[in-house]
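Reviewing the structure listed below.
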Amino acid sequence: MKLLNDFVLSFYGLKDGLHKFEYKIDKQFFESFKFDELLDADINVNLDFVKKPTLLELHFENNGMATVPCDISNEPFELPLKGELDLVIKFGEEYNDDNEEVLILPHGDHQINVAQYLYEMIVLSIPSKKIHPGIADGSLKSDILDKLEELSPNNNNETDKIDPRWEGLKKLIIDKNK
C-alpha cells in the first residue's frame, strides 16, 4: 500500500488559501483497489485545495484515457475519461463520512488520504456501457460481431411466421375489447 501513501495530504503546515496538487494515475493505482476492469490507464488529476480557518474545500478534476474491453465485442479500445468531484472537509467530534460531499474529521487530524476519492471519481466517470467506436461506425471487424449478426433475430426468417397458437390468443384480446 506504499503507492496509496503518495496521496496523503498534510494540511497542518499549509497557509490559508489555494494550493494545487497534480496526480498521475495509472493501472497500478487501480490494482491497489483490486479494480480490474481497466486494461491500462493514463489519467491526470488536478486538485484545487482551499484551506480556510474552519474548513477545507477540495475540487478534483480528472482527464485522460483508459484502455477498456468493449462490452459487445471484448475488443480493447481507448476510452476518454473526464470527471470532477467536490468535497468539503469540516472538523468535529468524530470521523463521519455519511454525506458524499462533506467529510467530518476529528479535531486534531492534520492529514487526509485522497486516494479513495480519486478512485471513486474516476470509476464513476467510466460509462456503464462501454462500446467500441468501431461498432457504431461499422469499421470494426471481428469474429464475435459476425457471430452476433448471424444470430440476431433480424436475420432469422422464422420470426416472420407467427405461431398459430398466438393467433388464437390475439382473437381473445380482440373479443375482450368488443
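What the table below lists for this structure:
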read-out: Highest-first arrangement of 117-125, 36-44, where packing means the average Cβ count within 10 Å; value: 117-125, 36-44
read-out: Total lysine pairs under 20 Å (Cα atoms) in the range 1-100, excluding pairs fewer than 8 apart on one chain; value: 15
read-out: Computed E for Glu57/His107 - FRET, C-beta separation, R0 22 angstrom, nearest 0.05; value: 0.75
read-out: Residue-span extension gain [Val50 to Glu93] - 0.36 nm each, minus C-alpha spacing; value: 13.3 nm
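Computed from the coordinates by the stated procedures, all read-outs in this text should not be read as laboratory data. The model shown is predicted, which means the values in this text are computed figures rather than measured ones. A quick note on method: Cβ atoms are made from the backbone with ideal geometry, for glycine too, and the neighbour counts reach across all protein chains shown.
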